[in-house]
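For reference, the structure is listed below as structure tokens.
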Amino acid sequence: MSGAVVVSTPQNISLIDVKRAIDMFKRVNVKILGLIENMAYMVNPTNGEKIQMFPKGELGGYLDSEKIEKIGEIPFNPSIGIACEAGSQSSIATNPQPRRLSFEDCRFIASSPPD
């Protein structure tokens, strides 16, 4: 394994699990390639404004102290949850919205780790 990408949400409750995961990877000498923040914000469908759904916790400070890069933010999208519950593909694959670009950017960065 060349490295790990950790996924978190903005809340401090998620940071607890992130710290445990990062500690585990360090113990087994797995490089942390970066972190992706899931549900980082929601896009207002009428004006494109980013809406913070959750209070920003201590994630940013923790990443800075550990020198871990945040490699992407994925916005909250209700249609993804609805599609998953229905057992169908979401519109991510066919809809060129900012959320699709976020997924693709994160995938590219994670598949091309720095030396």
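Laboratory data are not the source of any read-out in this text; all were calculated from the coordinates shown. Computed from a prediction, not measured in an experiment: that's the story for all the values here. Here the Cβ positions follow ideal geometry from the backbone for every residue, glycine too, while neighbour counts run over all protein chains shown.
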> Within straight cross-link reach of K50, meaning Cα distance under 20 Å, which lysines are found once same-chain residues fewer than 8 apart are removed?
Replying inline: K70
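Take the Cβ-Cβ distance between K50 and V30 as r, set R0 to 41 Å, and report the resulting FRET efficiency rounded to the nearest 0.05. Don't jump to the answer; show the numbers that get you there.
On the way: r = 32 Å, r/R0 = 0.79.
Efficiency, from the Cβ-Cβ distance: 0.80.
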